[in-house]
Amino acid sequence: MDDSTLATAISQLLGSDPLPVDRADALLKSLAARHGIDPRHVFWWAGKASADHTIQYDSSDEGLSCLAELLAEVNGEMCLVASDERALPWPIWTLQASELIPLLGDLPFFEYFVVLDGGAALLFDTHHNTLVISRE
């Protein structure tokens, strides 16, 4: 699935468009600075000196189950960043925490991360079947 097809699918499933490019760019620059990530990296999770926590999983279903457990106590709004193994710019959507797992379950796997706690935490899902958590 190319990035435009993925973005269209996410927008259709959520019923909303991604953030305007200028807002997405400002958010990504802020997150990179806060988490000590070189924004030129395609794989931001690899550009972090160390992850606060990692979880390996074997299948997409297991990955979604692990993600659901991690997000069980999360309420309210979060951001979804569809990095999908591509260089910036990345589309970003705001959504309710309760929408994330059903959304991901309806899509083929892609690399993404979610922005939690106003940017204080990032949760990456990598092509290595690993969830990587970064906290400020």
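Filter segment 1-37 down to the residues that are of a type in the set (Gly, Ala, Ser) and either over 16 Å from GLU111 (Cα atoms) or touching a helix residue (DSSP H, G or I) at 6+ places or on another chain (Cβ under 7 Å) (or both) and list them by number. Step through it out loud before you land on a result.
Residues of segment 1-37 of a type in the set (Gly, Ala, Ser): 4, 7, 9, 11, 15-16, 24, 26, 30, 32-33, 36.
Selection gives SER11, GLY15, SER16, ALA24, ALA26, SER30, ALA32, ALA33, GLY36.
Counting only residues that are open to solvent by 50 Å² or more (accessible area, probe 1.4 Å) and free of Cβ contacts under 8 Å to residues at least 40 places away in the same chain, segment 47-58 holds 2 of them.
May I ask you to verify whether LEU14 is buried (at least 16 other Cβ atoms within 10 Å of the Cβ), touching a strand residue (DSSP E or B) at 6+ places or on another chain (Cβ under 7 Å) and either free of Cβ contacts under 8 Å to residues at least 60 places away in the same chain or not small (Gly, Ala, Ser) (or both)? So LEU14 fits the description; yes.
State whether one or more residues within segment 112-127 are part of a helix (DSSP H, G or I) and aliphatic (A, V, I, L, M). There is no residue in segment 112-127 that is part of a helix (DSSP H, G or I) and aliphatic (A, V, I, L, M). Looking only at segment 26-43, decide whether some residue is open to solvent by less than 40 Å² (accessible area, probe 1.4 Å) and among the aromatic types (Phe, Trp, Tyr). So far as segment 26-43 goes, no, none of its residues is open to solvent by less than 40 Å² (accessible area, probe 1.4 Å) and among the aromatic types (Phe, Trp, Tyr).
Results for (1) modelled with pLDDT of 90 or more; (2) open to solvent by less than 20 Å² (accessible area, probe 1.4 Å), shown as yes or no for each residue.
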{"residue": "LEU64", "(1), (2)": "no, no"}
{"residue": "VAL74", "(1), (2)": "no, no"}
{"residue": "GLU77", "(1), (2)": "yes, no"}
{"residue": "SER83", "(1), (2)": "yes, yes"}
{"residue": "LEU95", "(1), (2)": "yes, yes"}
{"residue": "GLU99", "(1), (2)": "yes, no"}
{"residue": "PHE109", "(1), (2)": "no, no"}
{"residue": "ALA120", "(1), (2)": "yes, no"}
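The values are calculated or read from the model by the stated rules, or taken from the named source; none is laboratory data. Everything numeric in this text was worked out from a predicted model, so none of it was measured. We place every Cβ from the backbone using ideal geometry, glycine too, and count neighbours over all the protein chains shown. When the accessible area is computed, the model is the full protein with side chains, heavy atoms only, and any ligands, DNA or RNA have been set aside. Shrake-Rupley method; radii C 1.70, N 1.55, O 1.52, S 1.80 Å.
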